[in-house]
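**Student:** Provided herewith is a single structure, encoded as structure tokens, for subsequent inquiry.
The values are calculated or read from the model by the stated rules, or taken from the named source; none is laboratory data. Just so it is clear, the model here is predicted, and its values are computed rather than measured. Virtual Cβ from ideal backbone geometry, glycine too; neighbours counted across all protein chains shown.
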Amino acid sequence: MKRSRKWLELYWVAPLALIALMSLGLLRALPHQAPPAHGRTVTGDDGQSVVIEEPFRGICLTYGFLFPNWYLEDTHAPDLLVYAGTADQRKWFSGNALRLAYPQLLNKESLWDPRVFRFAHDGYIEIEAMMAYNPGVYLGVAGDYTPIPLMRRMGLPTLSNWGHAKGGEKAGLSTARVNAALIGNPALGDAHIAEYWRDVNELKQELHPGNLTLLPKVLLMSASRLNRRQIGVVGDDTDWSNLYYPRAGVANAASGHQAMSYDAERILAIDPETIVLAGIATGPRPWESPQEFMHDPRWQGLQAVQQKRVYRMAGVQDWSPGGLMFIPMRTRWLAELLHPELLQPRLRQILRDHFRNDFNTSLTDEEIDKQLRIDENAGSVGYERFTRSGAAARNEKSLQ
Amino acid sequence: MNNIALQISNLGHAYKSDRWLFRDYNTQVKRGEVFALLGPNGCGKTTLLKILLGALKPAAGTVAIDGRMAFVPQLFQVTFDYSVMDMVLMGRARQVGLFSQPSAEDEEAAMAALERFGIAHFAGHPFHELSGGERQLVIFARALVSEADILILDEPTSALDLKNQIVVLDWITRLSHQDGLTVLFTTHHPHHALAVADDALLMLGGTKYAAGAASEVLSEDNLHALYGVDIKLLSFEHSGHSHETLVPVLPYASRARNGSTARESR
Amino acid sequence: MAEITLAVKSVLPTVREAAFSRRHGWALPMLLSVGVLLAMLASLCIGSYPMPFLQAARIVAHLAWPFPLPANPPWSVKEQTVVQVVRLPRVLLATIAGLGLGVSGTALQGLLRNPLVDPNIVGVSSGAAFGGIMAMLWDFSPVGIIGAAFCGGMLAMMLTFGLAKLSHAGSDSMILILSGVFVGAFFLSLIEFVKFVSPDSKLPTMIYWLLGTFVGADAKKIAMIAIPTLIATSILMCLRWRINLLSLGDLDAKTLGVNVRGLRWLVIALVSLIVASQVAVSGVVAWVGLVVPHIARMFVGPDHRRLLPTGALLGALFVLILDDIARALVHAEVPVGVFTALVGTPVVCFLLWKSQGKGWGRE
């Protein structure tokens, strides 16, 4: 009896041992998923290949906020999507230029499911909800803090894209290739890349940025209307400094700074000639419009405010950053704004042509005005050249 | 084991240098005897107890202890509402291995100790709900199961009613006589010391002290020196035994009673 | 001469209760063990992917059974992946974290002789979080993060005790808790400072880690929390009767032959290890260590021989169920610490009202 009591005192071992055994069970090798009988192999931008089963069951876009845009820009294949994103992404897409090309996506409820994916803190993904979609391939950004490694371990067909964390040209080019290969049309990727270089070179030949001696200094920034401490600038560490500025023939007024939250005094110390309000702040939206900015007491001492050289960037929400189609257009906008004497205002036409050629969509003048932010920039000096009449008048003048 | 349970040699302590509470104390506690420690408040009784228990390092002198000690604090409180059985079992800390739990034997020993004090029926009772005297007996039982040789009690009767005072004093004598325990206790009641102690130590302050057989040390003169009041030694007979007790003389009240003071009239 | 005996109070019901608890005291922890097991299996059925209870039980039983899996299992590959990769790690993480918090809270309350403390209040959690965040700043390995979190937790406890000693309060538990609150606040501000000065590239990882949820549990995280927690819990279980002795008071325990200093620091080290591993994996989870011992004490009384296992299992059950609610009802992922605080504070308030202050601090 006393012996049994001694053993009874060890009753606490049972639950602990059970938990330990279950934990050890996690170390077991995962069941091997049989490779599809018919499939084609696609290699992602991290070098990892995935076998996609034929017939193709479609694409699930996972980790990456701008995925719907990049995907559509590169593939023009909205029908292959089975899952496009969260409610946030849907809302964002509804204000984006590409919705004009693919309005049907917004109304397809099954494409947008807020439960599958969350962007808060960690990019948490509800794997089980996603498994229910059972697509031919999952598209995501590879990385330690993304769900991609886990999805790969589970044997889900997962392709990495947009893997260059910094974005920029390299990421755009490789993404275009991977996206084209994904839909089984590699030639489309090459065509887009060729188109990209054509746009880039056109601007180069018109502007000859290498011959410019005095580069106008411009500060790309944004100030939150709600949180006055949230002021972001484009510093040396973003795509803008190495991709956009040299091609547009301008200099970064905030050279030597890093992109982060700034106090107002730093901006006053920089005192740039031109300020471009781009949506880059970490603070809460809405951001100050050019009108609000020029009436904000904080900024009255700036020469750019006194000379009304404060602009809202064109396509600030409409054009996805980093997309191959829009990189040249943003560069061009910057160049046309700051070198009015050297460049013809052709942005409206280029935008119209791209939408017609790539998406078979005719943009109305109102739609173009909205993307170029004509209304918001009405009070800023020299912006009339981007308007319909301004562009036409200027072109006539140059013809004479 | 020799005949001396506790030997104090040249013991002294000062919390601040040169402000000696007591100094050069020499005395011994014989095995199996009851030893009383008397002194007014602030004379260093508690300090001396702490030194004996090893909780405080003396500033001077040594204490030699032969045997295991058990301590019964003045007011026993526990945060958690342990049962009486749990409390008594804790006395088995030395017998139970570091990583083991008390065995059935330990529980039997605890039960036996409770029975010895006639409080076995309290075993499952919450310790909190016992009266002061009952708590004291539980702690006695705990000391008994711990198989201690020396029992150190800090004012064991201070918070008790008269009957429980007598019960506790009676048990002090019994533990010494029947179980051979050495019992050392502090008290503010010289008549308690005289009733149960074999030897006593009077802490008179500084280097002054009186130690020895209780009947000799607890003299009228010593007690006057100790407390600064008159205390009378009385002898009487009861049930065929001779008894001695100490009674303090209240200076004003006794004069008032004898009519040598006049009540002020209004 | 008549023997003097004490008056016998009428205590018959109490005696019967005591006998019951002595004879059946192990029954509640046993029942709780079964409850935890059932809750774990039931938790495996919560999620978007359909999973019958028996199927989940069968998969887990085969995974835990230390022999090879059947060649042609009666479940699909997808079902096994869902259990093995998605659900079981999370369920285990919640269970182990709750177990650790329950056991460390119970042990700490006994050690500090105060039912008002938990690892969060006396600064262990903040210290561990600070240690962990420093380790991340210096790119330590997972083991390094646990080690640093442990050192932080121990440092916090040493500072707490040191501060209490400086105020000559010795083992006065109220002073000790106050010191713990100060030390905890100090470490929290250190964390904020480190967050402020750390490079932007590491900041998201740190904030993600500090917020800490049970989301993203995997075998590595389970190993990080299970090994230290299960080992330290086992040692604490062996020491559980000694915690009774520690709860008596230093002088008393010492005269009973207990090495108070050694034992106290051993228990503190074990508690710090548990808290450190829990914080390192799932962030600071408050209130569990405070609420669970109270509920456990209501069930089995204050004797740590029963209380410690009960506290551990109740903690596991508590956190597991809270996590299930977070997972099933609230589709947005609330950090588990937020949830435990949300549920824990009202429970503590209720207990405070119910107990009318009895057993809270000194009488």
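**Student:** Go through the residues of region C:335-347 one by one and say whether even a single one is more than 30 Å from residue C:51 (Cβ to Cβ), buried (at least 24 other Cβ atoms within 10 Å of the Cβ) and either within 11 Å of chain B (Cβ to nearest Cβ) or modelled with pLDDT of 85 or more (or both).
**Tutor:** no
**Student:** Going through region C:64-123 one residue at a time, which ones are of a type in the set (A, V, I, L, M, F, W, C), more than 8 Å from chain A (Cβ to nearest Cβ), surrounded by fewer than 24 Cβ atoms within 10 Å (Cβ to Cβ) and without any contact (Cβ under 8 Å) to a residue 60 or more places away in the chain?
**Tutor:** Passing the criteria: C:67, C:71, C:75.
**Student:** Output the helices (runs of 4 or more DSSP H) that fall wholly within region C:239-325 and possess 3 or more residues being away from chain B (no Cβ under 11 Å), charged (D, E, K, R) and under 12 Å from the mean Cα position of the chain (by Cα), or say none.
**Tutor:** No helices (runs of 4 or more DSSP H) qualify here.
**Student:** Any idea which of A:64, A:39, A:58, A:136 is without any contact (Cβ under 8 Å) to a residue 60 or more places away in the chain and not acidic (Asp, Glu)?
**Tutor:** A:39
**Student:** Moving on to the next point. Return the only residue of C:217, C:226 being more than 7 Å from chain A (Cβ to nearest Cβ) and either touching a strand residue (DSSP E or B) at 6+ places or on another chain (Cβ under 9 Å) or under 30 Å from residue C:267 (Cβ atoms) (or both).
**Tutor:** The conditions single out C:217.
Matching residues to (1) at pLDDT 85 or above; (2) of a type outside the set (Phe, Trp, Tyr); (3) more than 30 Å from residue B:87 (Cβ to Cβ); (4) surrounded by 19 or more Cβ atoms within 10 Å (Cβ to Cβ):
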| site | (1), (2), (3), (4) |
| --- | --- |
| C:274 | yes, yes, no, yes |
| C:320 | yes, yes, yes, yes |
| C:330 | no, yes, yes, no |
| C:351 | no, yes, no, no |
| C:356 | no, yes, no, no |
| C:363 | no, yes, no, no |
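**Student:** Across region B:59-77, which residue is surrounded by the most Cβ atoms within 10 Å (Cβ to Cβ) among those that are more than 7 Å from chain C (Cβ to nearest Cβ) and polar (S, T, N, Q)?
**Tutor:** Ranking the candidates gives B:74 first.
The rows are residues; the columns are (1) part of a helix (DSSP H, G or I); (2) over 18 Å from the mean Cα position of the chain (by Cα).
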position: C:70; (1), (2): no, yes
position: C:83; (1), (2): yes, yes
position: C:94; (1), (2): yes, no
position: C:101; (1), (2): yes, no
position: C:105; (1), (2): yes, no
position: C:127; (1), (2): yes, no
position: C:133; (1), (2): yes, yes
position: C:140; (1), (2): no, yes
position: C:156; (1), (2): yes, no
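**Student:** Of everything in region B:109-126 that's assigned to a helix (DSSP H, G or I) and facing another protein chain (nearest Cβ under 10 Å), which residue is farthest from the chain's Cα centre (by Cα)?
**Tutor:** Here the answer is B:121.
**Student:** What is the one condition in (1) at negative phi; (2) at pLDDT below 95 that residue C:35 does not satisfy?
**Tutor:** It fails just one condition, (2).
**Student:** With region A:227-327 as the region, which strands (runs of 3 or more DSSP E) entirely inside it contain at least 3 residues that are farther than 30 Å from residue A:193 by Cα and in the same structural domain as residue A:76 (by TED's automatic domain parsing)?
**Tutor:** Once the strands (runs of 3 or more DSSP E) in region A:227-327 are filtered for at least 3 residues that are farther than 30 Å from residue A:193 by Cα and in the same structural domain as residue A:76 (by TED's automatic domain parsing), nothing remains.
**Student:** Given the options A:155, A:210, A:168, A:143, name the one that is at pLDDT below 90, surrounded by fewer than 19 Cβ atoms within 10 Å (Cβ to Cβ) and touching a strand residue (DSSP E or B) at 6+ places or on another chain (Cβ under 9 Å).
**Tutor:** None of the others qualify; the one that does is A:143.
**Student:** Determine, yes or no, whether residue B:172 is of a type in the set (A, V, I, L, M), away from chain C (no Cβ under 11 Å) and not in a loop (DSSP other than H, G, I, E, B).
**Tutor:** yes
**Student:** Has region A:27-45 got at least one residue that is out of contact with any helix residue (DSSP H, G or I) (no Cβ under 7 Å at 6 or more places or on another chain) and among the acidic types (Asp, Glu)?
**Tutor:** No, region A:27-45 contains no residue that is out of contact with any helix residue (DSSP H, G or I) (no Cβ under 7 Å at 6 or more places or on another chain) and among the acidic types (Asp, Glu).
**Student:** Still on this model: If you take the residues in region A:125-140 that are part of a loop (DSSP other than H, G, I, E, B) and in contact with a Phe, Trp or Tyr (Cβ under 6 Å, 6 or more places away or on another chain), which one is modelled with the highest pLDDT?
**Tutor:** A:136
Okay, residues lined up against (1) at pLDDT 90 or above; (2) buried (at least 22 other Cβ atoms within 10 Å of the Cβ):
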site: A:256; (1), (2): no, no
site: A:260; (1), (2): no, no
site: A:264; (1), (2): no, no
site: A:268; (1), (2): no, no
site: A:274; (1), (2): yes, yes
site: A:280; (1), (2): no, no
site: A:284; (1), (2): no, no
site: A:290; (1), (2): yes, yes
site: A:295; (1), (2): yes, no
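**Student:** Identify the residue in region A:299-330 that is crowded, with 17+ Cβ neighbours inside 10 Å and basic (Lys, Arg) and, among all such residues, is nearest to residue A:279 (Cα to Cα).
**Tutor:** By that ranking, first place goes to A:312.
**Student:** Which of the numbered conditions does residue B:166 fail, given that it passes all the others? Conditions: (1) within 11 Å of chain C (Cβ to nearest Cβ); (2) buried (at least 21 other Cβ atoms within 10 Å of the Cβ).
**Tutor:** (2)
**Student:** Residue by residue through region C:183-202, note down the ones that are exposed (fewer than 15 other Cβ atoms within 10 Å of the Cβ) and more than 9 Å from chain A (Cβ to nearest Cβ).
**Tutor:** Within region C:183-202, C:185, C:189, C:192, C:193, C:196, C:197, C:199, C:201 meet the criteria.
**Student:** Is it the case, given these coordinates, that residue C:310 is surrounded by fewer than 16 Cβ atoms within 10 Å (Cβ to Cβ), touching a helix residue (DSSP H, G or I) at 6+ places or on another chain (Cβ under 9 Å) and at pLDDT 85 or above?
**Tutor:** So residue C:310 fails the test.
**Student:** In addition: Just to verify a result, which residue in region B:218-266, among those that are of a type in the set (Phe, Trp, Tyr) and assigned to a helix (DSSP H, G or I), is surrounded by the fewest Cβ atoms within 10 Å (Cβ to Cβ)?
**Tutor:** Only one residue fits best here, namely B:252.
**Student:** Of the residues that sit in region A:91-101 and are part of a helix (DSSP H, G or I) and under 14 Å from the mean Cα position of the chain (by Cα), which one is surrounded by the fewest Cβ atoms within 10 Å (Cβ to Cβ)?
**Tutor:** This residue is A:92.
**Student:** Same structure, new question: Evaluate region B:78-95: report whether one residue or more is in a loop (DSSP other than H, G, I, E, B), more than 9 Å from chain C (Cβ to nearest Cβ) and within 23 Å of the chain's Cα centre (by Cα).
**Tutor:** no
**Student:** Something else now. What residue, of C:245, C:263, C:256, is free of Cβ contacts under 8 Å to residues at least 40 places away in the same chain and surrounded by fewer than 23 Cβ atoms within 10 Å (Cβ to Cβ)?
**Tutor:** C:263
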